Amino acid sequence: MSDQSGFQVSDSAAELYEQYPARSLLGPWAPGLVALASLQAGERVLDLACGTGVVARLAASKVGSGQVTGLDINAGMLAVARSLSTPPGAAITWVEASAAATGLPDACFDVVLCQQGLQFFPDKATALREVRRVLMSGGRALFSTWKSMGPYHRAVGDAVERFLGVEVATKFRSTRRGLPDDVALRRSFIETGFREVQVCPSTMVVHLPAIQMFVLGHLAGTPVAEALASLSEEKRAALARQVKLALKPYADAEGVAVPDEVNLSIAHK
């Protein structure tokens with residue numbers, strides 16, 4: 001794991017990340033974050049901690065002749081992002097760098113978007129100062145962060161702890177636990193010098209397919225992939241069965257339908 005990010009994965013895991021969590025857990029939230037930004041044609045947008053580029057591609061479809069930059073510290077994520085189709089007529093530049101030291105010029109973006117990246121920044125204050133630095137005067141920053149564990153991640157965390165131990169479970173749960181609440185989020189932006197700061201909760205029911213297959217694919221696309229691979233096939237199947245049993249109250253015709261919630265933060269320079 002890099003000391004610059006709490007979410008480092010191998011190249012093969014990045015492909016699974018795109019196939020499972022990026023599409024089914026993060027993908028449903030991306031349109032709301034982009035819509036809140038009210039992107040205009042010609043604007044310059046930074047997708048910070050872009051992963052495989054879900055938000056960047058949506059943003060590119062909105063700004064037309066504008067410019068979108070997707071930045072991530074993980075080379076494997078960027079390799080997958082580059083391999084995926086870009087919306088017609090849109091331009092996306094992919095940059096490998098840390099959120100705390102982007103290497104980008106001052107005041108070069110109208111908008112900075114960040115979906116589920118803040119919790120992985122070791123130095124959040126420095127990363128927010130960097131966001132403010134690269135924004136033009138009057139520019140806006142929009143962050144989406146999980147508001148709670150949610151039943152799916154709670155069930156998976158419990159199963160990982162049972163079969164892989166507390167240390168691995170803690171690594172998995174880092175995506176959700178220890179997140180700043182709305183008060184702490186607002187304070188962080190204000191202390192960094194942002195103005196007109198708003199933090200709004202948002203809820204959604206997320207549909208996940210064939211849960212026993214999905215959970216193993218999901219975990220194989222995260223920093224716990226190596227630990228999961230160390231389990232026998234029988235134990236991996238048992239882990240998936242435990243998750244399915246825990247989520248039985250949320251079962252639907254295709255898999256499960258689980259409630260989830262995020263905090264959407266918007267701040268202006």
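The values are calculated or read from the model by the stated rules, or taken from the named source; none is laboratory data. No experiment lies behind these values; they were computed from the predicted model shown. Every residue, glycine among them, receives a Cβ derived from its backbone with ideal geometry; neighbour counts consider all protein chains shown. Ligands, DNA and RNA are stripped out before the accessible areas are found, and what is left, the full protein with its side chains, is counted by its heavy atoms. Shrake-Rupley method; radii C 1.70, N 1.55, O 1.52, S 1.80 Å.
The residues of the range 76-139 expose on average 41 square angstrom of accessible surface per residue, using a 1.4 Å probe on protein heavy atoms. Residue by residue, the range 99-106 carries 3J(HN,Hα) couplings of 5, 8, 8, 6, x, 8, x, 5 Hz when phi is fed to the Karplus relation 6.51 cos²θ - 1.76 cosθ + 1.60 (θ = phi - 60°); x denotes Gly or Pro. When the alpha carbon gyration tensor of the range 49-127 is reduced to an equivalent ellipsoid, its three semi-axes come out at 21, 15, 11 angstrom, largest first. Each 10 Å bin from 0 upward holds the following percent of the Cα-Cα pairs of the chain: 7, 31, 36, 20, 6, 0. Note on Val95 and Glu167: the model spin-label points, each 7 Å out from Cα along the C-beta direction, lie 3.6 nm apart. Between Glu191 and Asp158, full extension at 0.36 nm per residue minus the direct alpha carbon distance yields a gain of 8.3 nm.
Comparing Leu216, Leu16, Leu231 in a Gaussian network model of the chain, where Cα atoms under 10 Å apart are tied by springs, the biggest mean-square fluctuation is seen for Leu231.
When the Gaussian network model of the chain links Cα atoms closer than 10 Å, the mean-square fluctuations of Ala99, Ala184, Ala60 top out at Ala184.
Using a probe radius of 1.4 angstrom, the carbon and sulfur fraction of the accessible surface of the range 169-269 is 54%.
Build a GNM of the chain with springs between Cα atoms under 10 Å apart, and of Val183, Val80, Val160 the one that fluctuates most is Val183. Annotation for Ser38 and Lys248: the two label points, set 7 Å from Cα along the Cα-Cβ direction, are 4.9 nm apart.
The distance linking the range 170-225 with the range 32-63 is 18 Å (Cα centroid to Cα centroid, whole angstrom). Over all other residues within a Cβ to Cβ distance under 14 Å of Val205, the charged ones net out to -4, with Lys and Arg as +1 and Asp and Glu as -1.
Per-residue Karplus couplings for the range 45-52, computed as 6.51 cos²θ - 1.76 cosθ + 1.60 with θ equal to phi - 60°, are listed in order as 10, 10, 9, 7, 6, 6, x, 8 Hz, Gly and Pro entered as x. Note: the range 169-264, Cα convex hull, 121 Å³ per residue. Per the Kirkwood formula applied to alpha carbons, the range 209-269 shows a radius of gyration over Rh ratio, Rg over Rh, of 1.15. Split the accessible area of the range 15-85 by element, probe 1.4 Å, and carbon with sulfur accounts for 51%. Take the residue pairs Lys62/Lys147; Lys124/Lys244; Lys147/Lys171; Lys147/Lys235; Lys171/Lys244; Lys171/Lys248 and return only those whose Cα atoms are more than 23 Å apart. Over 23 Å apart, Cα to Cα: Lys62/Lys147; Lys124/Lys244; Lys147/Lys235; Lys171/Lys248. Here the average projected area of the convex hull drawn through the C-alpha atoms of the range 93-185 stands at 7.4 nm².
Per-residue surface analysis assigns Lys147 an accessible area of about 90 Å², computed on protein heavy atoms at 1.4 Å probe radius.
Residues whose amide H lies under 5 Å from that of Gly66, counting only those 5 or more places away or on a different chain, are Gly42, Glu43; hydrogens are built 1.01 Å from N in the peptide plane. Excluding ligands, DNA and RNA, the accessible surface per residue across the range 167-269 is 52 Å² with a 1.4 Å probe. Put simply, when 61-71, 204-214 are sorted by average Cβ atoms within 10 angstrom per residue, most first, you get 61-71, 204-214.
Our coupling estimate for the range 163-173, obtained by passing each phi through the Karplus curve with A = 6.51, B = -1.76, C = 1.60 and θ = phi - 60°, is 9, 10, x, 5, 4, 5, 4, 5, 4, 5, 5 Hz, Gly and Pro reported as x. Model label points for Leu231 and Asp123, set 7 angstrom from Cα along the Cα-to-Cβ axis, are 3.7 nm apart.
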